[in-house]
Each structure stands twice: as C-alpha cells, then as structure tokens.
1. Give the relative contact order (percent, whole number) for the chain; include only Cα pairs under 8 Å separated by 6+ residues.
2. What's the long-distance tail for the range 72-212, i.e. % of Cα pairs beyond 19 Å?
3. Using a 7 Å offset from Cα along Cα-Cβ at residue 196, what residues in the range 146-169 end up with backbone N under 15 Å from the label point?
4. May I ask you to give the solvent-accessible area per residue for the chain, in square angstrom, as obtained with a 1.4 angstrom probe?
5. Would you calculate the separation in nanometres between label points at residue 81 and residue 330, each defined as 7 Å from the Cα along the Cα-to-beta-carbon direction?
6. Is the range 248-401 best put as rounded, prolate or oblate by its Cα gyration tensor, with a ≥ b ≥ c the root eigenvalues, rounded for a/c under 1.5, and otherwise prolate when a/b is larger than b/c, oblate when not?
7. State the volume of the convex hull built on the alpha-carbon positions of the range 142-242, expressed per residue in Å³ and rounded to an integer.
8. Where a Cα-Cα gap under 24 Å defines reach, which lysines qualify for residue 45, not counting those fewer than 8 residues away within the same chain?
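The values are calculated or read from the model by the stated rules, or taken from the named source; none is laboratory data. Because the structure is predicted, anything quoted here is derived from the model rather than measured. Virtual Cβ from ideal backbone geometry, glycine too; neighbours counted across all protein chains shown. In case anyone asks, the SASA skips ligands and DNA or RNA and just uses the protein heavy atoms, side chains included. Shrake-Rupley method; radii C 1.70, N 1.55, O 1.52, S 1.80 Å.
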Amino acid sequence: MVDNSSADEVRMPEPPAPPLEAPSAPLEAPSASEPLVVRTDADAKDGLSKCPACGATQISLNIATGMLRCGYCRHEWQTANAMQSLGLDGDIGLLRGVTVGSGSADIVPSTDEVVTLKCTACGAEVVIDTANSLQARCHWCRNTLSMNEQLPNGAVPDMVLPFSLTKDEAVKRIAEFVGKRKFFAHPRFRSEFNPENVLGVYLPYMVVDVNASAVFRGQGEHQTRSYTVKSGDDEERRYDADLYDVRREFDLHVDDLTVESSAERRDQSMSRNTNNIINSIMPFDVDKSVRYDANYLAGFTSERRDTNVADLAETVTAQTRDIARYKTLETISFYDRGVRWDEERLDVHGQRWVSAYLPVWLYSYYEQKGGGRGLLHYVAVNGRTGETMGSVPLHHGKLLAVSAAVEVVGVILFLIFMLLGR
Ligand SMILES: [Zn+2]
Ligand SMILES: [Zn+2]
C-alpha cells in the first residue's frame with residue numbers, strides 16, 4: 001500500500017474508466033480444440049408429429065397456456081424444459097473448453113435448404129423449404145409434416161422460447177408506442193399505419209454460459225481532506241488523498257448471455273435498417289425455453305441462424321470482459337476519487353453454447369426515400385415481456401416547425417432577460 005497523504009499537492013481524480021487496450025488472454029478458439037457436442041435432437045423425428053390423444057397433426061402453440069394444442073381434439077401438452085432435460089444447465093464453474101448443443105454446430109454452406117420428406121400417412125413426397133419454414137402440409141392427405149431433426153444449415157436450433165404474449169396484446173403495445181409519436185410521424189406512415197399487420201417471428205440467438213476468472217490491477221485514490229488555499233487574490237481548492245495499489249481477482253460465472261446469431265441482425269448500421277431496436281427489448285427469460293419442436297413455429301415465421309460459434313466468440317468475450325469490469329465497481333467504492341486499472345486479465349476456462357429461437361412481434365414499415373433508397377422501420381415487441389421499442393419515420397416539416405418555435409421562445413426569453421438586466 002502506498003500512502004502519500006503527507007504530500008500536499010493537488011491530485012486530479014483519475015477517471016475510473018479502464019484503459020482502452022485491455023490486455024487479456026485470448027479466448028480458447030472453439031475450432032482449435034474439438035468442442036464437446038451435446039445431442040439435442042436425439043429423439044426428434046421428421047415427418048408426421050402427432051397429437052398423443054387423437055393422432056391429428058394440426059398442432060400449434062396455445063399462447064395463453066404456453067402448451068402445444070391439438071387443433072382437432074383440443075388436447076394440450078407440455079414439452080420438457082430444454083436446458084434442464086438436456087443437462088445444459090450444469091454448474092458453470094465446472095465448465096472446461098467449449099460445449100455446444102448439436103443445434104449450434106457449424107453451418108455447412110453447401111447444405112440443401114430444400115428437403116423432401118415422405119408422408120407416412122399417404123406416401124406422397126412433400127417438399128419443405130427450410131429457409132422459410134420448418135413445416136409443410138401434405139397436398140394429398142392434408143397432414144402437417146415437421147422438420148425436427150437438425151440439418152447442418154442452422155435452421156433447427158437446440159431450443160425454442162414460446163410466445164407468451166398474445167397478438168392482441170402486441171397490437172395494443174404497438175398502437176400505444178406509435179400513438180405517443182404520432183405528432184412527429186410521417187403523414188404517409190400515419191395513414192398506412194395498421195398494427196394488425198404485426199407478425200410473430202422467432203429470431204435466432206445463441207445463449208452462452210461462460211466460466212472465467214478475472215484479474216484487475218491498478219491504483220485507487222481515497223480522499224482524506226479537502227480545503228482552500230489562498231495564492232495572491234485567487235483561492236484554490238485542494239485535496240489530500242491516499243493512494244493505494246488495488247488488486248481484484250475473482251471467478252466470473254456468466255449465465256445465459258444472449259447474442260444474436262443472424263448476420264443481418266448483427267449489422268447495426270442505422271442507415272440501412274433499424275435492427276438494433278431488437279437489442280433494446282431484451283432480456284428474454286431464456287431459461288424457460290423448451291426442447292425444439294416445429295409445432296411451436298406453426299403460424300409464426302422464423303429466421304435462420306447464419307453465424308457460427310467462432311463468428312460470435314469475440315462478441316461474447318467482449319461482453320464477458322464488460323461484465324467483469326462492472327463487477328469490480330461493487331468492490332471499489334472506498335476509492336471515492338476513482339481507480340485506474342493498469343492491467344486487466346480475463347481467462348476463459350469454459351463455455352457452453354446453445355442455439356435458441358426467441359419470440360418477437362414485429363410491425364415493419366418500409367420508408368421510401370429519394371434516389372431509390374429506403375429505410376426499414378420496425379416496432380418490435382418482446383414476445384414474453386411485452387417490452388416495446390421501435391422507430392417511426394419522421395415528418396421533417398413538423399420537426400423544423402417545432403425547432404423554429406423553440407428558437408423563437410429562446411429569443412423572447414433572451415430579450416426578457418436583457419430587459420430585466422438593465
Ligand atoms: Zn388431438
Ligand atoms: Zn400425405
């Protein structure tokens with residue numbers, strides 16, 4: 001411990017921000033050592049997926065109960081919790097190397113997206129375009145055929161978090177969100193606005209657990225006295241502070257870090273789309289996810305995962321490091337004049353990756369701009385919590401009018417102050 005309280009000099013507080021270059025051990029590259037793969041579709045069957053009570057294949061999610069429901073006999077049943085039944089929720093502190101669910105395996109680019117299934121009810125061959133859907137209706141016997149076995153094209157995830165917010169509720173949230181912004185909204189958007197056009201979409205995510213340890217080393221200041229000294233006509237405020245060497249070393253268990261696994265969704269460029277809205281409706285209660293079953297997707301659309309564990313590893317490490325930094329804050333309140341970290345180290349001992357479909361209600365609007373350009377606007381509603389965020393095309397004339405009005409008010413206030421000042 002360094003004590004310089006006797007030094008009577010003014011020390012400016014160091015910002016507690018960490019150095020820009022954060023030294024850290026590189027993440028164990030998932031490709032370097034073979035990951036441990038947990039089979040998550042072991043008992044999955046493609047084709048007819050039947051109601052256990054009556055054998056009908058017309059099955060869909062009942063949002064009100066969170067259970068699958070037979071459209072024919074109304075029988076309802078529950079699918080097992082994914083992480084519990086697959087043993088993907090074990091002690092994070094015991095994780096070593098990389099563990100992945102089989103639905104999170106690397107995508108094989110040449111994999112056919114169009115799959116042909118034989119209908120076991122009538123023998124017809126039914127084609128499913130897995131890029132767009134994981135179910136198709138047999139055109140002869142009208143049974144529904146499902147894709148449940150994992151293809152190496154990212155279309156079938158390890159687990160799915162079913163919608164629990166109804167479409168009616170989502171429509172209400174969207175109308176409320178837009179209603180509050182209607183004054184500034186583009187007139188065309190206002191006239192075309194119809195929240196009934198909302199779509200339920202399952203978006204692809206990776207849910208990651210990280211077992212890491214972190215070491216932070218630096219210096220912190222604790223103020224002991226503050227006083228004023230005169231130098232000539234000026235007064236100067238001075239501080240005495242003790243300077244300490246600070247070291248923090250701790251294990252970090254990150255549970256259910258959720259990262260987007262669609263390359264397009266990860267494109268955060270505001271000029272092309274407003275997708276980063278999706279980030280602001282987090283979090284999802286991913287621990288409630290159930291084992292994947294194509295019937296959960298009936299009546300909804302879904303987006304295929306198109307990134308691999310290796311593509312997302314850097315994002316996960318960066319977020320883990322942010323969490324570690326944030327954790328240190330809880331332990332350094334004594335250093336009221338801040339701590340400067342000179343050294344940061346993050347050692348990742350183990351990770352577990354599980355791919356998931358998470359539920360989002362989407363209202364989209366394509367704003368045509370000059371020169372053939374356009375901007376895609378969204379209002380997104382978390383299909384579990386109802387958290388709502390979005391962007392609305394603006395009426396620039398109204399914006400200018402309001403800012404002009406503010407300026408006029410400003411000038412008037414300025415004149416009043418001038419008059420009062422005399
Ligand atoms: Zn039934
Ligand atoms: Zn058939």
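1. Here the relative contact order equals 26 percent.
2. Tail fraction, whole percent: 71.
3. Correct set: 167-169.
4. Spelled out: the 1.4 Å probe surface of the chain, per residue, equals 52 Å².
5. Output for this residue pair reads 2.2 nm.
6. Verdict is oblate for the range 248-401.
7. 389
8. Residue 45 reaches 118, 288.
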